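I have placed the structure first, in the form of structure tokens, so that the comments after it can refer back to it.
Bear in mind that the values in this text are calculations on the coordinates, not laboratory data. As the structure is a computational prediction, the values presented were derived from the model and not from experiment.
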Amino acid sequence: MKSLEKILNLIEQGDPIPILADESLTENFNFLLQHDLIEILDARIILTQKGKIARDKGFGKMMEELKEQQELSVFSPSVQKKESRILNFCFGICVSFLFLFLAFSLTDCSITF
């Protein structure tokens, strides 16, 4: 969390150059930007209202909650429904090939080249 404290101090200053220049801070910066906790206005970085609430609540706790929500969204019903359609499609193809194989094996056909 040391990099998080450092990035918060740099955000308070508002200058994006030190944040973007330090590779160790870019992951946290991108996370904060992705979840609308910060925004860039007129070449300055500021905390959004959501970011101010997170600062008061504790950024570490808020980041953990957001990561959990992001992980849970992977298992959302819409994602599961999409994956089940793909699974059904693959199952249908496998069954079709099985019937095709059975049809060829049960018929008495010979191929002459």
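Residue by residue, the stretch 35-43 carries 3J(HN,Hα) couplings of 9, 6, 8, 9, 8, 10, 10, 6, 6 Hz when phi is fed to the Karplus relation 6.51 cos²θ - 1.76 cosθ + 1.60 (θ = phi - 60°); x denotes Gly or Pro.
A Cα-only calculation for the stretch 1-47 places Rg and Dmax at 9.4, 28 Å. Short version: ³J(HN,Hα) in whole Hz for each residue of the stretch 2-13, in order, from phi by Karplus 6.51 cos²θ - 1.76 cosθ + 1.60 (θ = phi - 60°), x for Gly and Pro, what are they? For the stretch 2-13, the Karplus curve yields 4, 5, 5, 5, 5, 5, 5, 5, 5, 5, 4, 6 Hz. Distant-in-sequence amide contacts of H35, defined by a placed amide H-H separation under 5 Å and a gap of 5 or more residues or a different chain, comprise nothing.
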